[in-house]
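Enquirer: Mind having a look at this structure? Questions to follow.
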Amino acid sequence: MSHRKHQQTPGRNLLLLARVLLLAALVISVYLGWVSFGGSGVAGCGPDSGCDKVLHSRWSKWFGIPVSVPAFFVYTLMLAGHLRLTPKASPQQQRQSWSALVPAAWVVIGAVVWFVSLQLFVIKSVCPYCMAAHACGLVAAAILLYLAPVHEAPEKPWQREKDVYVVPKQARVSAAVGLAAVAVLIAGQALYRPAEVKVTSSGDTKLQARIFEIDEGRFKFNLNEVPLMGAPSAPHAIVSLFDYTCHFCRDTHHQLKEVQHRFSNELAIVSLPMPFDSTCNYAITKTQPAHVNACEYARLGLAVWVANRRVHEQFDDWLFEPDHPPDLAIARQRAAELVGTNQLQAALTNRLVNDYLQLGIGIYATNYYHRRQGSLPQLIVGTNVIAGPSVIPELLSRLETQFGLRATPTVSQAQ
């Protein structure tokens, strides 16, 4: 098939269609990559939506990198190569373009089959954004393979210089290379397991690690290195998720402290903020007025813990004391008074603040997706999740049945 033949209609129209489809797939990939790195939610995707489940599954990444990133590079390469398939480009330039487009097209086709299969049969949820990108990429790749000038090189040297062609052997090798790249993608996703969610800080390394885990080991904590009510050496531990702007969390905070004090060294409570604020929480699509700045309050609380653990409880109590959170500027001032202005600023930029923030969000998202628990406060006791405005009575019952910790009448009556 000659170069001239491939430049004629309908070939030119199909090439134009492929260009538009590649551009659309590229734009969607850029958007999905942007929201992945920004930690924000995808437009129109709530916590229980198919796209949110897909985009936050383990299959959305390859060795920790969002799959939209390699997709971006593949589509960029294909679009750049496609732009050189014009009458103004020399036959040599067009041959070079086809040598990149053919294997890239096979990469796209193989990847689309893989990711669509994952959504339908493994995740069992569909992401409309992903499917749109897959559809655009698949059709564009099919068009390019259909139009690829695959034929033997002309016999005479001067004809080879003027013709645009991909020899059949090269086409077969290109297909093998493209599918091999897809195999690497699949193997990487199948074999790679995301690191267990755990955080450590630069605390006293002489302290023996006291490991506590929930969700079948998905989330692990060294009790010496997490915000905690109680002693790290306590034989029993639970997790508390809260939001400083949550009314019910304010009511529960002081009751939780009383419960912990009652059981003293027998019980430790891992305290993690989980802000109902879409600016930092991918599980929240819209921030309600009551929760504006919830992310900033959460960061302040964690920063105080990072800067000086000894005053963290005092700052928490101060934030939870009034009926509504103090003004954010006043809260920052109070935090600076407790730990020092320079120390607070340094702590706010410490990676641990974001690590702990995302840890709480990750636990909440897991509970929401798998247990349909979306309320706060939220307590994780063993394999049980207690959520809602009146968690203390059920907490006391669970502590007794699971850990053998019996509350005195004083604690029970406080409820």
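The values are calculated or read from the model by the stated rules, or taken from the named source; none is laboratory data. What you see is a predicted model; the values in this text were computed from it and never measured. Cβ coordinates were reconstructed from backbone atoms using ideal geometry, including for glycine residues, and neighbour counts include every protein chain displayed.
Enquirer: Got a sec? Which of Ala290, Ala268, Ala298 is surrounded by fewer than 22 Cβ atoms within 10 Å (Cβ to Cβ) and either in the same structural domain as Gln373 (by TED's automatic domain parsing) or in contact (Cβ under 8 Å) with a residue 24 or more places away in the chain (or both)?
Expert: Just a single option satisfies the conditions, and that option is Ala290.
Enquirer: May I ask you to say which residue of Phe73, Phe115 is surrounded by fewer than 20 Cβ atoms within 10 Å (Cβ to Cβ) and either assigned by TED's automatic domain parsing to the domain that holds Ala18 or of a type in the set (Asp, Glu) (or both)? Don't jump to the end; show me each part of the working.
Expert: Values: Phe115 fails: surrounded by fewer than 20 Cβ atoms within 10 Å (Cβ to Cβ).
One residue alone meets the criteria, Phe73.
Enquirer: Before we move on, is Asp327 surrounded by fewer than 18 Cβ atoms within 10 Å (Cβ to Cβ) and within 13 Å of His253 (Cα to Cα)? Don't jump to the end; show me each part of the working.
Expert: Numbers: surrounded by fewer than 18 Cβ atoms within 10 Å (Cβ to Cβ): yes; within 13 Å of His253 (Cα to Cα): no.
Judged against the criteria, Asp327 is not a match.
Enquirer: Looking only at the stretch 56-80, count how many residues are under 15 Å from the mean Cα position of the chain (by Cα) and either at pLDDT below 80 or more than 19 Å from Ala111 (Cα to Cα) (or both).
Expert: Number of matching residues: 4.
Enquirer: Among the residues in the stretch 289-308, are any more than 30 Å from the chain's Cα centre (by Cα) and small (Gly, Ala, Ser)?
Expert: no
Enquirer: Mind listing whichever residues of the stretch 76-93 are surrounded by 13 or more Cβ atoms within 10 Å (Cβ to Cβ) and assigned to a loop (DSSP other than H, G, I, E, B)?
Expert: Arg84, Leu85, Thr86, Ala89
Enquirer: Right, next: Taking interchain pairs and intrachain pairs at least six residues apart, which have beta carbon atoms under 6 angstrom, with the first residue in the stretch 119-136 and in the same structural domain as Val30 (by TED's automatic domain parsing) and touching a residue at least 24 places away in the same chain (Cβ under 8 Å) and the second among the small types (Gly, Ala, Ser) and in a loop (DSSP other than H, G, I, E, B)?
Expert: Matching pairs, first to second residue: Ile123/Ser57.
Enquirer: On the given criteria, is Val116 touching a strand residue (DSSP E or B) at 6+ places or on another chain (Cβ under 7 Å), among the β-branched types (Val, Ile, Thr) and at pLDDT 95 or above?
Expert: no
Enquirer: Here's a follow-up. Across the stretch 218-257, which residue is surrounded by the most Cβ atoms within 10 Å (Cβ to Cβ) among those that are among the charged types (D, E, K, R) and out of contact with any helix residue (DSSP H, G or I) (no Cβ under 6 Å at 6 or more places or on another chain)? Show your work before the answer.
Expert: Just the residues of the stretch 218-257 that are among the charged types (D, E, K, R), to begin with: 218, 220, 225, 243, 250-251, 257.
Going one step further and asking which of them are out of contact with any helix residue (DSSP H, G or I) (no Cβ under 6 Å at 6 or more places or on another chain), we end up with 218, 220, 225, 251, 257.
Numbers: Arg218: 13, Lys220: 15, Glu225: 21, Asp251: 15, Lys257: 17.
So the residue we want is Glu225.
Enquirer: So how many residues does the stretch 57-69 have that are part of a loop (DSSP other than H, G, I, E, B) and either hydroxyl-bearing (Ser, Thr, Tyr) or surrounded by fewer than 19 Cβ atoms within 10 Å (Cβ to Cβ) (or both)?
Expert: First, pick out the residues of the stretch 57-69 that are part of a loop (DSSP other than H, G, I, E, B): 57, 63-64, 67.
Those still in the list that are either hydroxyl-bearing (Ser, Thr, Tyr) or surrounded by fewer than 19 Cβ atoms within 10 Å (Cβ to Cβ) (or both) too: 57, 63-64.
Count: 3.
Enquirer: What residue, of Thr341, Thr349, Thr285, is over 30 Å from Glu400 (Cα atoms), surrounded by fewer than 19 Cβ atoms within 10 Å (Cβ to Cβ) and in contact (Cβ under 8 Å) with a residue 60 or more places away in the chain?
Expert: Thr285
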